[in-house]
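The values are calculated or read from the model by the stated rules, or taken from the named source; none is laboratory data. Just so it is clear, the model here is predicted, and its values are computed rather than measured. FYI the Cβ positions are ideal-geometry reconstructions off the backbone, even for glycines, and counts take in every protein chain you see.
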Amino acid sequence: MANKRKKRADVNELAKSIVDQITDEQLQEKAREEGKNPAAVMLGRLGGLKGGKARAQKLSAERRSEIAKKAAESRWERHGEEESSKEG
């Protein structure tokens, strides 16, 4: 039987795995510096990643609309401040 060539990982997959490893190491290092348990930090991060979607599912369409309008108003206020500072 001929030796099979191992399938090489896609360049993008390789890059993602490297970034994931570095990010995980940086989170754990930062947690150690702050005196936190790295495992707890990762669990908290995972919960945070899920939290926004879960919150959005619980909100009514009306409440989501209110929140979106408030966010848009806030963005427009900041944009207006930048424009006025450029004029002066």
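Some observations on this one:
- The set of residues in segment 19-72 being part of a loop (DSSP other than H, G, I, E, B) and at pLDDT below 90 consists of Glu34, Gly35, Lys36, Asn37.
- Contacts under 8 angstrom Cβ, first residue in segment 56-74 being among the small types (Gly, Ala, Ser), partner at pLDDT below 95 and part of a helix (DSSP H, G or I), 6 or more apart: Ala56/Arg64
- Residues (surrounded by 10 or more Cβ atoms within 10 Å (Cβ to Cβ) and aliphatic (A, V, I, L, M)) located in segment 55-78: Ala56, Leu59, Ile67, Ala68, Ala71, Ala72
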